[in-house]
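Take a look at the structure set out below.
The values are calculated or read from the model by the stated rules, or taken from the named source; none is laboratory data. Worth saying up front: this structure is predicted, and the values here are computed from it rather than measured. For neighbour counting, all protein chains shown are included, and Cβ atoms are generated from backbone atoms with ideal geometry for every residue, glycine included. Calculation scope for accessible area: heavy atoms of the full protein, side chains included, ligands and nucleic acids excluded. Shrake-Rupley method; radii C 1.70, N 1.55, O 1.52, S 1.80 Å.
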Amino acid sequence: MHIQSFPGINSKSFGSALIYKGMYIPTKQDTTIDIIRTHLEEQMGPQLFYYDQLIKEKLSVRPTINITQPLQQSGETPRLKTKVNAEIMKGLNLPAYRERRPNELYSGGNLAYQPEKLKALKEAGIKSVLCFVNYPDYKENAEAAGLKYIGLNSIKDAGLNVFDIKGDLIKDLINHPEIYAENSDGGKISALKEYIRILNGESEDLPLPLYFGCQNGTDRTILWYQLYEILKNEPMDKPLSPNVVGQLAEFRNEVEDYFR
């Protein structure tokens, strides 16, 4: 593969390594997949990565509330954010690394069997790890590094699965938006709402900054983050709004096409 075959790509080679748009690609073996993924994420328009731009455009025309920084009562000590060391994070060469929300949310591939990188995450300021798939020893290694950890399927012990984004969970929310308002302590909808709370920074057990992802930190990670973007500002004690139901319907159609 010749890098020049992608229009607009600026890259520099360093031996067997490659720097592409600020992303360090350590070996030629990784080059093809990482360049293609990065290029697609920027160029596909109204396809898999349509939702990120859509949501940004819709949120830009209506006021938003910073739910990770609640309003303080008079005389109350402000809640301070943890400053994440960007240089340490970039130097780790994490697979498919993305800064989703500065000093709060970061995504990438799993580090279940890389205890030294987990320790470096802690040193950089990361406090919690959420993984969308099951890996033996991930919890043990993360906690040994001083990090909080949870797997998607362990949220509220509801058995939430990474592939629920293409199953009945989203379909039920579209067809019955009122069920999102149910105050149930169990079930996948309850777990989904807790997932939203975790990424919103509302969980005392899993504080931000948080590092999250699937195996490679790409496809399933992107889709679950898009689902979060759709739901993150929705009240959890009310039925889903028509606007959000419409976004979920578009999301489900794209997910089905992607997994077909």
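Within the set of pairs 6 or more residues apart or between chains, which connect a residue that is surrounded by 19 or more Cβ atoms within 10 Å (Cβ to Cβ) inside region 238-258 to a residue that is part of a helix (DSSP H, G or I) and among the basic types (Lys, Arg) with Cβ atoms less than 8 Å apart?
Between residues of region 238-258 that are surrounded by 19 or more Cβ atoms within 10 Å (Cβ to Cβ) and residues that are part of a helix (DSSP H, G or I) and among the basic types (Lys, Arg), the close pairs are Arg252/Lys166; Arg252/Lys171; Val255/Lys166.
For a quick check of your reading: which helices (runs of 4 or more DSSP H) sit entirely within region 152-231 and have at least 2 residues that are within 16 Å of Glu254 (Cβ to Cβ) and touching a residue at least 12 places away in the same chain (Cβ under 8 Å)?
168-175, 219-231
Sort out which residues of region 93-125 are closer than 24 Å to Asn153 by Cβ, over 14 Å from the mean Cα position of the chain (by Cα) and open to solvent by less than 10 Å² (accessible area, probe 1.4 Å), and write them in order of number.
Leu111, Ala112, Leu118, Leu121
If you go through region 224-238 one residue at a time, do you hit one that is at pLDDT 95 or above, within 19 Å of Glu99 (Cα to Cα) and in contact with a strand residue (DSSP E or B) (Cβ under 6 Å, 6 or more places away or on another chain)?
No, region 224-238 contains no residue that is at pLDDT 95 or above, within 19 Å of Glu99 (Cα to Cα) and in contact with a strand residue (DSSP E or B) (Cβ under 6 Å, 6 or more places away or on another chain).
With respect to the numbered conditions (1) at pLDDT 95 or above; (2) among the aromatic types (Phe, Trp, Tyr); (3) assigned to a helix (DSSP H, G or I), which one is the sole condition not fulfilled by Tyr106?
Condition (3) is where Tyr106 drops out.
Is it the case that Asp168 is more than 27 Å from Pro102 (Cα to Cα) and in contact with a Phe, Trp or Tyr (Cβ under 8 Å, 6 or more places away or on another chain)?
Here the answer is no, as Asp168 does not meet what is asked.
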